[in-house]
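Novice: First the structure, which I've put down as structure tokens, then a few questions once you've had a look.
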Amino acid sequence: MTRSHRLRLPAIAVVAVAALTVAACSSGGSSSSGPGGGGSSSAGGGSSSTALTASAPGITATTITIGSHQPLTGPAAPGYSEIAPASAAYFAYVNANGGVYGRKIAYKYLDDAYNPTTTSQVVRQLVLQDNAYAIFNGLGTPTHLAVLSFLNSQKIPDVFVASGCDCWNAPTTAPETFGWQLDYTREGKILGQYVAQHFAGKKIGYFYQDDEFGMDGVKGLDYEVPKSMVVSRQSYVPTNTNVAPQVAALRASGAQVVVSFSIPAFTALLKLTSLKLGFSPTLVVSNVGSDPITLSGLLEAFAKQGGATVNGNALTAGIISDGYAPSVGDAGNSWIALFKKVHDQYDAKAPFDGNVLYGMAAGYTFVQAMLKAGRNPTRADLVSAINSGLPQGPAVAPYAYSATDHDGVTGAYIGTVNNGILTQEGKVLTTDTSPTGPITPFSGTESQAPAGGVPAP
Amino acid sequence: MMTSPAGVPGAQQRDAASLVIEDLVAGYGEVRALDKVTIVAGAASITAVLGANGAGKTTLLRAISGMVRPRSGRVLLDGADRAGRSPEDMARAGIAHVPEGQGVIAELTVEENLRIGMMSWPGIAPRRADRAAALAEAYERFTVLADRRRKIAATLSGGERQMLVIARALVARPRVLLLDEPSLGLAPRVMTQVMDMVVRLSRESGITTVLVEQNARVALAIADRGVVLNLGRVVAEAPAGELAADVALRHHYLGF
Amino acid sequence: MRAQSTPRVLGAALVVAVMVVILSIRLNTFRDYQIAEIAIEVTAVAGLTVLTGLSGQISLGNGAFMAIGAYTTALITLHLGWPFIAVLVIAAAVTAVAGAVVGLAAARLHGPYLAGATLLVGVALPSVANAYPGTFGGDQGLNVVFTTPGFLGVNFPLTRWQAWVCSAVALVTLVLLANLSRSRVGRNWRAVRDNEVAAALAGVNVARTRILAFVVSATCAGMAGALLAIVTELVAPGAFTITLSIALLTAAVIGGLGTLPGALWGSLVIILVPTYATDVATSHGLSSSVASNIPVAAYGVVLILVMLIFPQGIQGGVRWALGLFGIPSAPARPAASVPDVTPRAGAAPASQHTVPARKGSPPESQEKEGTP
Amino acid sequence: MVEFLQFTLSGISFGMIYAAIALSLVLIWRGTRLLNFAQGGMAMFTTYVAIEVVHHTGSYWAGFAAALAAGVVLGAVAELAVIRPALGKPELNAVIITIGLLVLLEGLAGILYGGQFRSFPAAFSVIGLRAGSTPLGVSRFDVFVAGAVLATTLLLAIGFRYTSVGLRMRAAAFNATVARLSGIRVARVITLGWALAGLLGALAGVLVSPSTFLYPNSMDSIFVLGFTAAVIGGLDSPVGAVVGGLLLGVALSYAAGYLGSQGSDLTTVVALVILVVVLMFRPDGIFSGARVRRV
């Protein structure tokens, strides 16, 4: 076979210079950089007479540019790639309804394929080259961890990370970073308490994804469920879809209740494999893996050959789960009505499921924060606005935001899936992430979506 | 025109054909392995191509059979120029090329090797009876193969392999047979058998044979004409007997 | 072909170094980051191009060596806090050992069997991090803290320093590899690649030569991993998927296998094509799933086209282009010494069967194998 | 004991899928001496075709047939359009082209069908079979999967052994030079090999997708394991592909079942260990001995 026969460094100088020149030329388009932006600092909120200025990098008189990293392609794309378009749809709605103090939100989300190296690259592109004012809803724990110190060292607001890791709550070391969704530990605690109370004396098995999502969830469960009740702990890796060994082990352990911290595809596989093994435990599934619309969609295809009992709704019926946002199927809820309207108008191609709701709700929270940050905000203004707390939004429980707490939603309700809808049972429960922190019923009232669909300043 | 070989009623033997190579130029990369080679091989004749290593003998056969695309020149089979055709086309036109040492497919059985010989038969689906008859004929001639028809060719001895190759050439019913070093590595007694078989094929079936050989003495003994190549050029072409008698030439190019 | 003299190589490296410094100061910080990224890729690809292009062994697992280098860096930085230069040396040493182990296991393997074994190394090794989260941080990985040295002052941009460090390592690696390929070692590699039997007959220790190539390539990958750790500041298994290993091989082949400038070309393609394709796709108001997948499809098309248009990789195209201007950068005879490669131009699958296992032996000698 | 049975049977049913991918790789390897990295991507793409057909016709079997047909076409077109021009060039070029093809197909699938999980129906019931009261851990559909792969393998084996086309394919695979010189149109035979490989891949895609769901990358890890199976078995041996697939499927099932939560992390490590052990003793795979070394 032919090969070039020798390593050569002869023309390497020519080559390298040419290459670097290519890189140099290509940078011509958008090169202005540097942290300080427009000089005039924020005039604070309120006075509508203040002129709109370029108060910070990414903010002009007419636009707010924000960026995000999302797994739009690759193995993590299914499901998650719906989120950013949903947020963008909500921003489009806000832009069409007056924007944020008249500015339009330009949301640029780039694909990182769930690879931390790529995340690192695209976030630097967004910040250093595209001058994003803030990074919003960056998705994934390992991916976002790769840019945590960069964003904080550059003092870029890093808001509402799309991950339930409790690592985003570090106000001293990561003051710019804020979590958003109910973290997995809290979720595990709330589900764990339910399991301990309702299935006392039964044998419990765990089925969880072998990463920080599953392990944090199990950590929370273990705070509440007595060790003696847990008869089997089985983990899976998302790249291996044969979960029959794990399910067989759960079955052999005699587990009557299986608590699953899994993504929807693996909840569906758990269910299908259980059918194969004649195993029918009560399923308790974390919010991420229980979205009834996604699950039914995945399971529906087996109805025809599986007989009447095996259709999507029948397979998901009776799954116990938690929700920190209103149930997607609850058409009477004001938030669902609002987001359904936005979805139909701006994002109609995607199924209106939990991921879409998630993206819109996070987008709503961002608009809340921006309005609070003032007419001409600096980057620091956004951070301090969130540090002083945000009013409760679409989530059923309040945010934890304060100068010393950067966690987002603090609680959820327990419900049961029936006819493809998660129906709330009992009160919303709030808690913290500590092993002994109490789980208390939330006494406040449920918030209602604003009439115009845009949060009030 | 030759008659059908005895014992194979109905099998269509093709007519004998002449092979004329005119001004053939071929090579690899910048190397010119054949330089305006012209050879005339009459129908049903045996032509021995001789010369030292690197003289271009193998390239000549490869250029005739299409394994190497000639850069210029003509390959005339019964007057029709086929230079530049693919090896498959050449085979189907009746040119059988047995490359040096690679004649059999070691992984296949003896019978499968023979069946491969039929792949170049013209027409799409030869009748089962024709195929059976052709096999029967081959086994009749080469009884040693008949005993081993289900064995894979790898188990055959060197001589048996050459027999198999020649048997397959017979089954293929070619008009022209190109043989590259058929005697290489064979014991003298076996070599004699192989050479006998080459002669019989040519005489009985009217196959025009081009024989490349290191062993010039043996080749000239059975050939009608001889061609001597040196560095890609024809340096001598004459009836075999004349070449064998030319002491200077033998000494200079043929080493015997 | 005559070897390039050491002064020429050093001179070229110096020119590039000066260019990097100038560019890193002139361009914006994101470009600094890209320079660092490209330098990292070049370091890893250069090692692979030596392994595959010179010694004739394929590796689909060099991403795993990068992981080893990166985790070594993270662990030492975390637990011992040693300076980066020391960490880099240790990371290189650790991956050299890993390369020797893999090379030893792979010494008897060829072609797809070697590809399969190294592919699984690439898939399996990062998953060890998940199995032992206590040591390796599991899915979340380990954080690496890297700062600019004090003498540069407080305001010196970190990305620029990273670009300098990465470029320096890449250049030193390239110079060393260039020297190595000209040395006796390089000759042995080529001899083993072209014909193992002949090389052995000529007194070359085939197994040792092959293993050494793995060590060199793993060391380069390990250093690249160490650099990646300090640039991304996080070492997590998700960064070292099989996609990375495949991208490295792709870069080596696309650039021009066995050529060091090719390593640079390949790295540029791998790093820049997806970025620019994304910029183009997202600026046309397409729906999200379409816009995000266009760069993926475009990348695939680029790989196919480069291979069809420049069979010798981009560097082969560069040589051809330089040749048009009469610049004698090209080797005198691209493929003349191996006549059996294209027996017939165009659709000629006949020879490919004879090519793979016993590489590069011309047809005449191959036919001699028929001797019983 | 029941668990052991269940682990074994579920391992076999997944092993059959690996075997199908491995077989398709063997077909292409024998014909072209090339590793087709796009095999999984082709299987993924043809399964999307099947989904579309099932969606429009409502018939599973129409989708099934469409997938197989699409596999044949895709295999042949890929060979003609991008592989053939690269033959005779450095051998890694064709490998990179198959990688490019894989990436292209994944990108196209994302563009055309989006990146979401899609579910693909099973041909038969997915409810588990029982022996007496003991659930076996396999469903009617799993039995169909195993049967379909075995039947296809058998058909291929018979076709290879007893038909003229099969003889041509084997001759071309073992010695392309002699095959061409015997008048066999090797180029066509190679295209046919790719078409058959495409068909096998499509079969694997249709059979595995009910158990993995379908998305542009859904065949990636299946491909890695199928490739491993082919290497374990020996790339020249169709029997080896099936044995390699079964061995791998069962071993990974035991690993996940018996090694606890670390077992699921370490499935690929287990695969690596098996591969290394096999290659230590047989550098060309278990069934390399079945193939005669050309002297």
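The values are calculated or read from the model by the stated rules, or taken from the named source; none is laboratory data. Keep in mind the model is a prediction, meaning the values are calculated, not measured. Methodologically, a virtual Cβ is constructed for each residue, glycine included, from the backbone with ideal geometry; neighbour enumeration extends over all protein chains shown. When the accessible area is computed, the model is the full protein with side chains, heavy atoms only, and any ligands, DNA or RNA have been set aside. Shrake-Rupley method; radii C 1.70, N 1.55, O 1.52, S 1.80 Å.
Let's see how each residue does on (1) over 22 Å from C:G103 (Cβ atoms); (2) in contact (Cβ under 8 Å) with a residue 12 or more places away in the chain; (3) among the small types (G, A, S):
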site	(1), (2), (3)
C:G137	yes, yes, yes
C:G141	yes, yes, yes
C:V144	yes, yes, no
C:N155	yes, no, no
C:A163	yes, yes, yes
C:A168	yes, yes, yes
C:N179	no, yes, no
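Novice: Next up: Just name the residue that is nearest to A:A77 (Cα to Cα) out of those in the range C:280-304 that are open to solvent by 20 Å² or more (accessible area, probe 1.4 Å) and more than 8 Å from chain D (Cβ to nearest Cβ).
Specialist: C:S288
Novice: How do the pairs read when you match residues in the range D:211-231 that are part of a helix (DSSP H, G or I) with residues anywhere that are among the acidic types (D, E), using Cβ under 9 Å and keeping only pairs 6 or more apart or on different chains?
Specialist: D:S211/D:D142; D:D220/D:E106
Conditions (1) open to solvent by 20 Å² or more (accessible area, probe 1.4 Å); (2) part of a helix (DSSP H, G or I); (3) more than 14 Å from chain D (Cβ to nearest Cβ), marked per residue:
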{"site": "C:T95", "(1), (2), (3)": "no, yes, yes"}
{"site": "C:V102", "(1), (2), (3)": "yes, yes, no"}
{"site": "C:A115", "(1), (2), (3)": "no, yes, no"}
{"site": "C:T118", "(1), (2), (3)": "no, yes, no"}
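Novice: Let me ask something additional. Looking at the range D:182-197, can you tell me whether even one residue there is of a type outside the set (G, A, S), buried (at least 23 other Cβ atoms within 10 Å of the Cβ) and under 15 Å from the mean Cα position of the chain (by Cα)?
Specialist: yes
Novice: Yes or no: the range B:7-17 includes at least one residue that is of a type in the set (D, E), closer than 29 Å to B:A134 by Cβ and at pLDDT below 85.
Specialist: Yes, there is a match, as at least one residue in the range B:7-17 is of a type in the set (D, E), closer than 29 Å to B:A134 by Cβ and at pLDDT below 85.
Novice: If only one of C:V204, C:V269 is over 23 Å from C:N130 (Cβ atoms), touching a residue at least 12 places away in the same chain (Cβ under 8 Å) and not in a helix (DSSP H, G or I), which one is it?
Specialist: Of C:V204, C:V269, the one residue that is over 23 Å from C:N130 (Cβ atoms), touching a residue at least 12 places away in the same chain (Cβ under 8 Å) and not in a helix (DSSP H, G or I) is C:V204.
Novice: Looking at the range B:155-164, is at least one residue among the polar types (S, T, N, Q) and closer than 15 Å to B:A96 by Cβ?
Specialist: So far as the range B:155-164 goes, yes, one or more of its residues are among the polar types (S, T, N, Q) and closer than 15 Å to B:A96 by Cβ.
Novice: What are the pairs, 6+ residues apart or on separate chains, where a residue within the range A:244-258 that is at positive phi and open to solvent by 10 Å² or more (accessible area, probe 1.4 Å) has its Cβ under 7 Å from a residue that is part of a loop (DSSP other than H, G, I, E, B) and not hydrophobic (A, V, I, L, M, F, W, C)?
Specialist: A:G254/A:K203
Novice: Then there is this: Give all pairs with beta carbons closer than 6 Å in which a residue from the range B:150-164 that is assigned to a loop (DSSP other than H, G, I, E, B) meets a residue that is not aliphatic (A, V, I, L, M); count only pairs at least 6 apart in sequence or on separate chains.
Specialist: B:R150/B:T109
Novice: Same structure, new question: Quick one: in the range D:33-62, which of the residues that are within 11 Å of another protein chain (Cβ to nearest Cβ) and assigned to a helix (DSSP H, G or I) is surrounded by the fewest Cβ atoms within 10 Å (Cβ to Cβ)?
Specialist: The selected residue is D:H55.
Novice: Select from the range A:306-324 the residues that are open to solvent by less than 20 Å² (accessible area, probe 1.4 Å) and either part of a loop (DSSP other than H, G, I, E, B) or at pLDDT below 75 (or both) and list them in ascending order.
Specialist: A:G306, A:V310, A:G312, A:I319, A:Y324
Novice: Search the range C:43-77 for residues being open to solvent by 10 Å² or more (accessible area, probe 1.4 Å) and either of a type in the set (G, A, S) or part of a helix (DSSP H, G or I) (or both), and hand back the single one that is modelled with the lowest pLDDT.
Specialist: The extreme case among them is C:G56.
Novice: Kindly establish whether C:L260 is on the phi < 0 side of the Ramachandran plot, open to solvent by less than 10 Å² (accessible area, probe 1.4 Å) and at the interface with chain D (Cβ under 10 Å from one of its Cβ atoms).
Specialist: no
Novice: Scan the range A:429-455 residue by residue and report those that are closer than 17 Å to A:Y90 by Cα, of a type in the set (A, V, I, L, M, F, W, C) and open to solvent by less than 80 Å² (accessible area, probe 1.4 Å).
Specialist: Scanning the range A:429-455 gives A:A449, A:V454.
Novice: I would also like to ask the following. Return the pair list, or none, for Cβ contacts closer than 8 Å from residues in the range A:54-68 that are at pLDDT below 90 to residues that are hydroxyl-bearing (S, T, Y) and crowded, with 24+ Cβ neighbours inside 10 Å, at least 6 apart or on different chains.
Specialist: The qualifying pairs are A:A56/A:Y133.
Novice: Return only the number of the condition from (1) open to solvent by 20 Å² or more (accessible area, probe 1.4 Å); (2) within 21 Å of the chain's Cα centre (by Cα) that D:Y258 does not satisfy.
Specialist: It is condition (2) that D:Y258 fails.
Novice: Scanning the range A:240-280 for residues that are over 31 Å from the mean Cα position of the chain (by Cα) and of a type in the set (D, E, K, R), which turns out farthest from the other protein chains (Cβ to nearest Cβ)?
Specialist: By that ranking, first place goes to A:R251.
Novice: In addition: Within the range A:152-175, restricting attention to residues that are among the charged types (D, E, K, R) and at pLDDT below 95, which residue is farthest from the chain's Cα centre (by Cα)?
Specialist: A:K155
Novice: Would it be correct to say that B:R141 is more than 8 Å from chain D (Cβ to nearest Cβ), in contact (Cβ under 8 Å) with a residue 24 or more places away in the chain, on the phi < 0 side of the Ramachandran plot and open to solvent by 10 Å² or more (accessible area, probe 1.4 Å)?
Specialist: yes
Novice: Turning to a different aspect of this structure: Going by what's in this entry, would C:V18 be described as more than 9 Å from chain A (Cβ to nearest Cβ), open to solvent by 10 Å² or more (accessible area, probe 1.4 Å) and either more than 20 Å from the chain's Cα centre (by Cα) or within 14 Å of C:L177 (Cα to Cα) (or both)?
Specialist: yes
Novice: If you scan the range A:92-135, which residues turn out to be hydroxyl-bearing (S, T, Y) and not in a helix (DSSP H, G or I)?
Specialist: Matches in the range A:92-135: A:Y101, A:Y107, A:Y109, A:Y114, A:Y133.
Novice: Okay, next question. Name every residue in the range D:103-129 that is closer than 18 Å to D:A70 by Cβ, facing another protein chain (nearest Cβ under 7 Å) and of a type in the set (A, V, I, L, M), in order of residue number.
Specialist: D:L104, D:L108, D:I111, D:A123 - these are the residues of the range D:103-129 that are closer than 18 Å to D:A70 by Cβ, facing another protein chain (nearest Cβ under 7 Å) and of a type in the set (A, V, I, L, M).
Novice: List every residue pair whose Cβ atoms lie under 8 Å apart, where the two residues are 6 or more positions apart in sequence or sit on different chains, the first residue falls within the range B:61-72 and is farther than 18 Å from B:R175 by Cβ and among the basic types (K, R), and the second residue, located anywhere, is open to solvent by less than 20 Å² (accessible area, probe 1.4 Å) and part of a strand (DSSP E or B).
Specialist: Note: pairs meeting the criteria are B:R62/B:A26; B:R62/B:H97; B:R69/B:A26; B:R71/B:V25; B:R71/B:A26; B:R71/B:G27.
Novice: Sticking with this structure for a sec: Here are C:V144, C:V165, C:V206: which of them is under 21 Å from the mean Cα position of the chain (by Cα) and open to solvent by less than 30 Å² (accessible area, probe 1.4 Å)?
Specialist: C:V165
Novice: Is it fair to say C:L176 is aliphatic (A, V, I, L, M), open to solvent by 40 Å² or more (accessible area, probe 1.4 Å) and within 30 Å of C:V231 (Cβ to Cβ)?
Specialist: So C:L176 passes the test.
Residues checked against (1) open to solvent by less than 30 Å² (accessible area, probe 1.4 Å); (2) away from chain C (no Cβ under 14 Å); (3) within 20 Å of A:A385 (Cα to Cα):
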residue: A:P57; (1), (2), (3): yes, no, yes
residue: A:I66; (1), (2), (3): yes, yes, yes
residue: A:Y80; (1), (2), (3): no, no, no
residue: A:Y93; (1), (2), (3): yes, yes, no
residue: A:G99; (1), (2), (3): yes, yes, yes
residue: A:L110; (1), (2), (3): yes, no, no
residue: A:V123; (1), (2), (3): yes, no, no
residue: A:L128; (1), (2), (3): yes, no, no
